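Peer 1: A single structure is presented below for examination.
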Amino acid sequence: MQEMKKIHQAGDISYVLLMSSKAVDTLNIDIGTVDREGFIYFHQKFGMPYVFLLKKSIESGHFLFASIIGNDKLIGFARFEKLEEHTEKEIKGKMNVVRPSLFLLRSMEVHSSFRNCGIGRVLFSRAVYYLKGNVLTIPDNPEAASFFSKKLGFTEVTGPIGNSRQKYEGHLMLAYPRAVALWHEIATKYPRIAYPELIDLYESLKFRLHMGKVMACNDNDINRLEALLGECDGMLSDVMEKEMNRLLNELRRCV
């Protein structure tokens with residue numbers, strides 16, 4: 001996929017950062033209607049074409065993350081604006097971040113036929129893991145407010161924040177470092193959503209081993225499991241990671 005930077009792969013769903021407005025032209029974007037599934041919120045509320053919305057977001061310097069199924073079907077997007085750059089300070093000869101960057105989540109939407117299956121949580125958590133900063137949002141409906149507070153851990157802004165100490169009344173915030181830790185939390189709680197190929201292969205190999213079908217576990221399967229586990233970069237729970245490593249050791253002894 002040209003003009004895109006892949007930040008995560010979950011089965012046939014790619015999570016990417018769109019690097020230029022040209023990337024939008026490669027996407028298949030379903031516009032929903034009353035009797036047709038698709039993206040509908042901005043089209044209904046503002047009459048705004050989605051191609052225009054996404055292109056102008058990138059051209060305005062915003063960070064635009066997307067979830068894409070297959071080669072080109074857009075199933076989710078999240079737009080972030082950087083409000084403040086991080087502040088560094090030299091401590092004991094090393095530069096350290098003393099105040100993280102501040103981002104505003106401008107909008108987020110998941111294709112109507114792909115909602116309530118974890119895609120929004122993976123998209124958001126992977127995006128803020130990439131951005132590494134404080135994240136603000138201002139939900140415009142109760143459903144969105146519930147999602148951000150209950151599913152993602154946002155809390156109400158109670159005072160001035162950021163370098164300028166600006167007030168953001170009515171906003172919710174996900175503070176650093178929790179914003180960065182959210183991806184680990186999502187991967188730990190919902191490994192099948194975050195790493196479906198790894199979990200499917202692990203369960204298949206475990207079943208074959210327990211059923212006495214070890215010979216069906218070839219080196220390619222074992223090596224693939226090891227490679228997929230390595231790509232998780234420690235994001236799984238300690239219990240699951242240890243269990244997978246134990247299975248790898250057993251398989252190597254038996255094959």
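The values are calculated or read from the model by the stated rules, or taken from the named source; none is laboratory data. Being a predicted model, the structure only gives us computed values, none of them experimental. Neighbour counts run over all protein chains shown; Cβ positions are idealised from the backbone, glycine included. Heavy atoms of the whole protein, side chains included, go into the accessibility calculation; ligands, DNA and RNA do not. Shrake-Rupley method; radii C 1.70, N 1.55, O 1.52, S 1.80 Å.
Peer 1: Could you tell me whether Tyr130 is in contact (Cβ under 8 Å) with a residue 12 or more places away in the chain and in a loop (DSSP other than H, G, I, E, B)?
Peer 2: For Tyr130, the condition - in contact (Cβ under 8 Å) with a residue 12 or more places away in the chain and in a loop (DSSP other than H, G, I, E, B) - is not met.
Peer 1: Would it be correct to say that Arg121 is over 21 Å from Ile58 (Cβ atoms) and at pLDDT below 90?
Peer 2: no
Peer 1: Separate question: For the structure I just gave you, tell me whether Ser20 is exposed (fewer than 15 other Cβ atoms within 10 Å of the Cβ) and of a type in the set (Gly, Ala, Ser).
Peer 2: Spelling it out, Ser20 is indeed exposed (fewer than 15 other Cβ atoms within 10 Å of the Cβ) and of a type in the set (Gly, Ala, Ser).
Peer 1: Restricting attention to region 49-59, does a residue exist that is open to solvent by less than 70 Å² (accessible area, probe 1.4 Å), more than 23 Å from His171 (Cα to Cα) and out of contact with any strand residue (DSSP E or B) (no Cβ under 8 Å at 6 or more places or on another chain)?
Peer 2: Checking region 49-59: at least one residue is open to solvent by less than 70 Å² (accessible area, probe 1.4 Å), more than 23 Å from His171 (Cα to Cα) and out of contact with any strand residue (DSSP E or B) (no Cβ under 8 Å at 6 or more places or on another chain).
Peer 1: OK, next. For the subset of region 1-18 comprising residues that are under 12 Å from Asp72 (Cα atoms) and either in a loop (DSSP other than H, G, I, E, B) or of a type in the set (Ser, Thr, Tyr) (or both), which member is nearest to the chain's Cα centre (by Cα)?
Peer 2: Going through the qualifying residues, I end up with Tyr15.
Peer 1: Scan region 19-38 for residues that are aliphatic (A, V, I, L, M) and either within 17 Å of Gly120 (Cα to Cα) or part of a loop (DSSP other than H, G, I, E, B) (or both) and jot them down.
Peer 2: If the condition is that a residue be aliphatic (A, V, I, L, M) and either within 17 Å of Gly120 (Cα to Cα) or part of a loop (DSSP other than H, G, I, E, B) (or both), then Met19, Leu27, Ile29, Val34 are the ones that fit.
Peer 1: Right, here's the next one. Can you find even one residue in region 144-164 that is under 20 Å from Ile69 (Cα atoms), in a strand (DSSP E or B) and in contact with a Phe, Trp or Tyr (Cβ under 7 Å, 6 or more places away or on another chain)?
Peer 2: Scanning region 144-164 turns up no residue that is under 20 Å from Ile69 (Cα atoms), in a strand (DSSP E or B) and in contact with a Phe, Trp or Tyr (Cβ under 7 Å, 6 or more places away or on another chain).
Peer 1: How about region 23-37: which of its residues are in contact (Cβ under 8 Å) with a residue 60 or more places away in the chain and surrounded by 16 or more Cβ atoms within 10 Å (Cβ to Cβ)?
Peer 2: The answer is Asp30, Gly32.
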